[in-house]
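Read the figures in this text as sums done on the coordinates, not as results from a lab. These figures come from a predicted structure and were not determined experimentally. Cβ placement follows ideal geometry from the backbone for every residue including glycine, while neighbour counts extend to all protein chains displayed.
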Amino acid sequence: MKSKDNILAIASGKGGVGKTWVSTTISHIFANSGRKALLFDGDIGLANVDVQLGLSPAVDLSDVFTGKATLAQAVTHYDEGNFDIIAGRSGSGSLANLSVDKINSLSRELDALAKTYDLVLLDLGAGIEQQVQAMAQLASRCLIVITDEPTSLTDAYAFIKILRMQNQDADIQIIVNMAENQREGLKTFGAIKNACESFLKFSPRLAGIVRRDPKVKEAIRSQTPILLKNSKSMAAADIAALAVKLMAR
Ligand SMILES: Nc1ncnc2c1ncn2[C@@H]1O[C@H](COP(=O)(O)OP(=O)(O)O)[C@@H](O)[C@H]1O
Ligand SMILES: [Mg+2]
């Protein structure tokens, strides 16, 4: 299924690399620039988006899957950030447990909902399963978050390989997160770029480098977005620069 080109997926393969934090922060930056943004928590069974933002949505994706709500009814407005979210629910299972039918109908509903937004961000969660890939295919751009850990690189490579097998023209860009500095970040990008060029004959673009910054953990711990808690931090500056590039396209 092909959509309007305002759906952006955030993926990684490996968990714990900062996808949810990157997704919430990019949504926030888009909202601050006057765009109507929706953040979809695709890490359904871990429900990290609402936790990072300190929200307790009355309706979430598990209500959609049990037929109690439509996807549009599962939208919660996040007042402080002025963007919308569709939350998962902890313990409700993962995308990988959903049937192909469920994924297809979810994709159709999401695609229709996307037409009412300037930007829809899909925080895809970890894993390289078919269901995660199907959601990724809904997006016109896929941002892969990596760190310098070898497992992050191998899992990201596996994700990219499968994504490319399904769509040779997929727009795949890399975010290096938790980089010690710009130079180290470029080295990490070089590693994934080389692997893609050697084995997949394709060169991913660099979306941006975000430095490791204790202010990120501090903001997450207080369940407050970094742009409200530590707006002058290194990580906030890095991700703002990255988001400006994303908006330019
Ligand atoms: N740029 C960063 N600098 C420092 N710590 C970070 C950064 N990005 C993410 N983290 C840390 O990584 C943890 C995992 O982030 P999260 O967004 O939940 O990852 P994922 O969604 O990929 O599992 C966060 O709790 C935070 O402490
Ligand atoms: Mg997450």
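Things to note:
- The distance linking region 48-106 with region 183-249 is 25 Å (Cα centroid to Cα centroid, whole angstrom).
- Region 7-248 - percent relative contact order, Cα under 8 Å, separation 6 or more: 25
- The order of Phe65, Phe83, going from fewest to most other C-beta atoms within 10 Å of their C-beta, is Phe65, Phe83.
- Added length on full extension, which subtracts the Cα-Cα distance from 0.36 nm per residue, Lys215 to Glu197: 3.0 nm
- Listed by chain and number, the lysines whose alpha-carbon sits under 30 Å from that of Lys232, ignoring those within fewer than 8 places in the same chain, are Lys14, Lys19, Lys36, Lys187, Lys215, Lys217, Lys245.
- Candidates Thr154, Thr188, Thr116: whichever shows maximal mean-square fluctuation once the chain is modelled as a Gaussian network with Cα springs under 10 Å: Thr116
- Scaled radius of gyration (Cα, divided by 2.2 N^0.38 Å) that region 102-249 gives: 1.10
- In the chain, the convex hull through the Cα atoms has an average projected area of 11.9 nm², a quarter of its surface area.
- Estimated translational diffusion coefficient (Stokes-Einstein, Kirkwood radius over Cα pairs, 4 °C, 1.567 mPa s) of region 151-231: 92 µm² per second.
- With K and R counted +1 and D and E -1, the other residues having a Cβ less than 9 Å from that of Lys36 yield a net charge of -1.
- Over the chain: helical MRE at 222 nm, DSSP H runs n ≥ 4 each giving -39500 (n - 2.57), nearest 500: -13000 deg cm²/dmol
- Signed unit charges on C-beta, dipole axis of region 75-131, positive-most listed residue Ala87, Leu122, Ser107: Ser107
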